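Bear in mind that the values in this text are calculations on the coordinates, not laboratory data. Being a predicted model, the structure only gives us computed values, none of them experimental. Positions of Cβ are backbone-derived with ideal geometry, glycine not excepted, and every protein chain shown enters the neighbour counts.
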Amino acid sequence: MTADDRAVRGALTGRIAALYKELVCKSAAWGVANPTLGMPTRRRPVVAHVPEPAPTV
């Protein structure tokens, strides 16, 4: 940042850019593998719905 709060132009290059890219790619892959992180947990377990048999007439 400059004194008047303007952004300075710049680019990552070399090994630092490669490390940054690796970090971004690994975190994206981890996010795909763990999609429910941060979601609230279920208070009750999920139970499969078993339909009741039809009444015989």
Nearest-ten-degree value, helix 14-33 long axis tilted from longest Cα axis of the chain: 10
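Could you order peptides 15-25, 31-41 by the average number of other Cβ atoms within 10 Å of their residues, highest first? Write down the numbers at each step before the final one.
Values: 15-25: 10.2, 31-41: 7.5.
My ranking of the peptides, most packed first, is 15-25, 31-41.
Run the helix sum for the chain: -39,500 (n - 2.57) per DSSP H stretch of 4+ residues, divided by residue count, reported at 222 nm to the nearest 500 deg cm²/dmol.
Working: 1 runs with 20 residues, N = 57.
About -12000 deg cm²/dmol.
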Two-site label geometry, Glu52 and Tyr20: point separation in nm, points 7 Å out along Cα→Cβ: 6.3
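Taking a temperature of 37 °C and a viscosity of 0.692 mPa s, what whole-number D in µm²/s does Stokes-Einstein yield for the chain with Rh from Kirkwood over alpha carbon pairs?
Numbers: Rh = 17.5 Å.
Approximately 187 µm²/s, per Stokes-Einstein.
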